[in-house]
Structures are given as C-alpha cells and as structure tokens.
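Enquirer: The following block contains the structure, expressed as structure tokens.
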Amino acid sequence: MRTRRLQVCLLIALLLGACTQDPNVKKQQYLERGIKYHAEGKYNEAILQLKNALQIDPKFGPALHAIGRVYRAKSWSLDALRELQRAVEVQA
C-alpha cells in the first residue's frame, strides 16, 4: 500500500515537471521547426509550427517575419504583406 502511494506521488511529480516547460523555449522550438520546414519546401507544416509560436506570443517578431516569408512562398501576397508589416511594427 505504501509503495503504491509512493509510485503515484512520483508519477504525479513527473507529470507536473513535464507540463511546466518555459514558454520562451517552446516558442523558439516552434520557430526553428517552422524555419526548417520552410527550407524543405513544406510550407503547410511551416505555417502550423509558426502559428503555434504565435499562439504563445502574438508579438514574436521572428515568427511573424518567418510566417510572412512562408506566405510569400505560397504566393499568398496579401497575407505575407500583413504579417511582414506586423513584424516591422513589433520590432520597431
């Protein structure tokens, strides 16, 4: 009985530790994956990763700039212009 409680407590501690990742680290990971996918020509995957970064921080300039470039690569010119303008505003 006692070892069972200890196991449950240990499991809870591990789960809590896994859930408390630094948001700055997470958004940077999303950015890096988005840039990687863009370089590979996987534009839809890149957009998903960059949007995940922007959900964490809507004013994350590097992600705004990267998503603007991906939109331009997909020939979504108006969307690209909007995101690149937001990137300039945030970084100014």
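Enquirer: Any chance you could run the full-extension gain for residue 2 through residue 26? It's 0.36 nm times the residue separation minus the Cα-Cα distance, nm to one decimal.
Expert: Working: separation 24, 0.36 × 24 = 8.64 nm, distance 3.69 nm.
Roughly 4.9 nm would be gained on extension.
Enquirer: If you don't mind, another one. Under a point spin-label approximation (7 Å from Cα along Cα-to-Cβ), what is the residue 51-residue 85 distance to one decimal in nm?
Expert: Calculated label separation equals 2.1 nm.
Enquirer: Now for a separate question. Expressed as a whole percentage, what fraction of the accessible surface of the stretch 27-92 belongs to carbon and sulfur atoms when a 1.4 Å probe is rolled over the protein heavy atoms?
Expert: Working: 2070 of 4010 Å².
Percent of accessible area from carbon and sulfur atoms in the stretch 27-92: 52.
Enquirer: Note down the relative contact order for the chain as a percent, whole number, built from C-alpha pairs under 8 angstrom at least six residues apart.
Expert: On the way: 85 pairs, mean separation 18.8, N = 92.
In percent, rounded to a whole number, it is 20.
Enquirer: Could you point to the residue in 81, 54, 25 farthest towards the positive end of the chain's charge dipole, with +1 and -1 charges on the Cβ of Lys/Arg and Asp/Glu respectively?
Expert: In the chain, that residue is 25.
Enquirer: Quick one: accessible area per residue over the chain, 1.4 Å probe, rounded to a whole number of Å²?
Expert: Details: 6670 Å² over 92 residues.
Counting only protein heavy atoms, the per-residue value for the chain is 72 Å².
Enquirer: Ranked highest first by average number of other Cβ atoms within 10 Å, how do 23-35, 42-54, 80-92 line up? Mind showing how you got there, number by number?
Expert: On the way: 23-35: 16.6, 42-54: 19.1, 80-92: 14.9.
Ranked from most to least packed, the peptides come out as 42-54, 23-35, 80-92.
Enquirer: Residue by residue through the stretch 67-83, which ³J(HN,Hα) values in whole Hz follow from phi under the Karplus form 6.51 cos²θ - 1.76 cosθ + 1.60 (θ = phi - 60°), with glycine and proline marked x?
Expert: Per residue, the Karplus-derived 3J(HN,Hα) values read 5, x, 5, 5, 4, 5, 5, 8, 6, 9, 4, 5, 5, 4, 4, 4, 5 Hz.
Enquirer: Let me ask you something else. Between residue 12 and residue 42, with labels modelled 7 Å along Cα→Cβ, what's the label distance in nm to one decimal, could you check?
Expert: Simple spin-label model gives 3.9 nm for this pair.
Enquirer: With a ≥ b ≥ c taken as the square roots of the eigenvalues of the C-alpha gyration tensor of the chain, please select rounded if a/c is under 1.5 and otherwise prolate if a/b is larger than b/c or oblate if it is not?
Expert: Values: a/c = 4.69, a/b = 2.66, b/c = 1.76.
Prolate.
Enquirer: Which lysines, if any, have their Cα less than 25 Å from the Cα of residue 26, not counting same-chain residues under 8 positions apart?
Expert: Of all the lysines, those that pass the test against residue 26 - Cα under 25 Å, at least 8 places apart if same chain - are 36, 42, 51, 59.
Enquirer: Let me ask something additional. Using θ = phi - 60° and the Karplus curve 6.51 cos²θ - 1.76 cosθ + 1.60, what whole-Hz ³J(HN,Hα) does each residue of the stretch 27-35 get, with Gly and Pro shown as x?
Expert: Along the stretch 27-35, the couplings run 5, 5, 5, 4, 4, 4, 5, x, 5 Hz.
The values are calculated or read from the model by the stated rules, or taken from the named source; none is laboratory data. Keep in mind that this is a model prediction, so the values were computed, not measured. Don't worry about glycine lacking a Cβ; one is built from the backbone with ideal geometry, like all the others, and counts go over all protein chains shown. Areas reflect the complete protein model, heavy atoms only, side chains present, ligands, DNA and RNA absent. Shrake-Rupley method; radii C 1.70, N 1.55, O 1.52, S 1.80 Å.
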